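S.K.: Once you've had a glance at the structure underneath, I'll fire off some questions.
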Amino acid sequence: MPRLGSPAPSFEAVTTFGKIRLEDFRGGWLVLFSHPADFTPVCTTEFLAFAAIAPELRKRNVELLGLSIDSPTSHIAWVRNIKDKFGIDIPFPIIADSNKEVAMLYGMLMPGESKTETSRCVFVIDPAGIIRAMIYYPLTTGRNTDEIIRVIDALQTTDKYGVATPANWKLGDKVIVPPPSTVEEAEARMKAGFECADWYFCKKTV
Ligand code: BEZ
């Protein structure tokens, strides 16, 4: 089962872009996401939304990889239908996980919701192949792609500056200075020019 901070389970899968292995994404960020089924309305809105953010994600060195347990033929027909009805190309591969292998590895099937469809799961995997975020949505709730970009911005800011990010943080907002671990550090930080409400709660601009 996937765990935050642990290596993402390895796989090789059939996709709309040919065979793909998890390791093919090493060195860049990956958003692996599952959807319940092709040719369904909420999923179609999500694919349009993911296609729309693909250029923003590329700027951040992030690739998208979709998944459902539909067949390759179904995926191809749906992608063609999206192009035909909405004029949008789906610029990322979709795993045809017909034997549920990847879905089982990642715990994407939630039997309480559906025994035959993957739930709306999002796994953010970093360039070293570590799972950095997991977000789960129910079958009936379409995802917020702004939130997915926000989480990636937060993780990349954390990695770059060694900081944390507060509630509702957005790129450009002040960040949280990690709490001090000694009395001496606590004292020093009050004089360091940060914006501090107290010794444990300091923000700064990066
Ligand atoms: C949909 O994508 O519209 C959908 C899929 C599964 C359950 C409910 C809605």
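None of the figures in this text is laboratory data; all of them are computed from the coordinates on show. Predicted model only: the values in this text are computed from it and were never measured. Positions of Cβ are generated from backbone atoms using ideal geometry, with glycine treated the same way; all protein chains shown enter the neighbour counts.
S.K.: Can you give me the pair-distance distribution of the chain, C-alpha pairs, 10 Å bins, whole percents?
M.R.: The percentages, shortest bin first, are 8, 31, 31, 16, 9, 4, 0.
S.K.: Return the calculated 222 nm mean residue ellipticity for the chain, to the nearest 500 deg cm²/dmol, obtained by summing -39500 (n - 2.57) across DSSP H runs with n ≥ 4 and dividing by the residue count.
M.R.: Per the formula, -10000 deg cm²/dmol.
S.K.: Sticking with this one: Which three extents, in whole angstrom, do the alpha-carbon atoms of the stretch 162-206 cover along their principal axes, largest first?
M.R.: Projected onto the principal axes, the Cα atoms of the stretch 162-206 cover 31, 18, 17 Å.
S.K.: Could you sort out which of LYS85/LYS174; LYS83/LYS174; LYS19/LYS85; LYS85/LYS115; LYS59/LYS83; LYS115/LYS170 sit more than 32 Å apart by Cα distance in this structure?
M.R.: LYS85/LYS174; LYS83/LYS174; LYS115/LYS170, as the Cα separations exceed 32 Å there.
S.K.: Out of all DSSP beta bridges in the chain, what portion is antiparallel? Express it as a percent rounded to 5.
M.R.: In the chain, DSSP labels about 70 percent of beta bridges as antiparallel.
S.K.: Express the Stokes-Einstein translational diffusion coefficient of the stretch 127-180 in µm² s⁻¹, to the nearest whole number, given a Kirkwood radius over alpha-carbon pairs, 20 °C and a viscosity of 1.002 mPa s.
M.R.: 169 µm²/s
S.K.: In debye, nearest 20: dipole of the chain around its Cα centre with unit charges on the Cβ of K, R (+) and D, E (-)?
M.R.: 240 debye
S.K.: For ILE149, what is the net charge nearby, where nearby means another residue's Cβ is under 15 Å from its Cβ and Lys, Arg count +1, Asp, Glu -1?
M.R.: Neighbourhood net charge equals 0.
S.K.: Okay, moving on. Suppose we look only past 21 Å in the calculated P(r) of the stretch 1-108. What percent of the Cα-Cα pairs does that tail hold?
M.R.: Of all Cα-Cα pairs in the stretch 1-108, 33 percent lie more than 21 Å apart.
S.K.: Let me ask another. Sorting check: for 165-173, 34-42, 128-136, which peptide has the highest mean count of neighbouring beta carbons within 10 Å, and how do the rest follow?
M.R.: Output ranking for 165-173, 34-42, 128-136: 34-42, 128-136, 165-173.
S.K.: Semi-axes of the equivalent ellipsoid for the stretch 73-128, please: Cα gyration tensor eigenvalues, times 5, square-rooted, ordered largest first, whole Å.
M.R.: Here the semi-axes work out to 24, 16, 11 Å.
S.K.: Quick one: which of 138-144, 195-201 comes out on top by average Cβ neighbours within 10 Å, and what's the full order, highest first?
M.R.: 138-144, 195-201
S.K.: What dipole magnitude, in Debye to the nearest 20, does the stretch 97-206 give about its Cα centre under +1 on Lys/Arg Cβ and -1 on Asp/Glu Cβ?
M.R.: My answer is approximately 160 debye.
S.K.: If I take every Cα pair under 8 Å that is 6 or more residues apart in the chain, average their sequence separation and divide by the length, what percent do I get for the relative contact order?
M.R.: Across the chain, relative contact order equals 22 percent.
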